[in-house]
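One structure is given below, encoded as structure tokens.
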Amino acid sequence: MAKSVEPELKKITMYGFVNSSLGWFHLIMALLAMMAGAFVLAAKKGTTQHKRVGYSYVVAMIMVCGSALGIYNLTGRFGLFHIRPLSVP
């Protein structure tokens, strides 16, 4: 009988990652951080809108780093991406 490829494929793709609520939270916060970061880089520095969006970028990045600590089901263990958020001052 042929071995099923399904379990191996599930490990390689992000299928399990985005089906967890923490994975979705991490993904949404990362997208928000990328959009806010792009806006902050393109907007005129020092305006009220620039500051507000900049603060939302900081909060979104803190959420991304915090949620990264709970995501380990892609590899089954903690790795470089779990250690990195802890090492940033």
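A Förster distance of 30 Å, applied to the separation of the beta-carbon atoms of residue 51 and residue 27, puts the FRET efficiency at 0.70. Annotation: extensible slack from residue 62 through residue 42 equals 5.0 nm (criterion: 0.36 nm per residue apart, minus Cα-Cα distance). Computed with a 1.4 Å probe over protein heavy atoms only, the accessible area of residue 41 comes to about 150 Å².
The values are calculated or read from the model by the stated rules, or taken from the named source; none is laboratory data. Note that the structure is a prediction, hence the values are computed from the model and not measured. Heads up, the Cβs are rebuilt from the backbone with ideal geometry, glycines too, and the neighbour counts pull from every protein chain shown. Heavy atoms of the whole protein, side chains included, go into the accessibility calculation; ligands, DNA and RNA do not. Shrake-Rupley method; radii C 1.70, N 1.55, O 1.52, S 1.80 Å.
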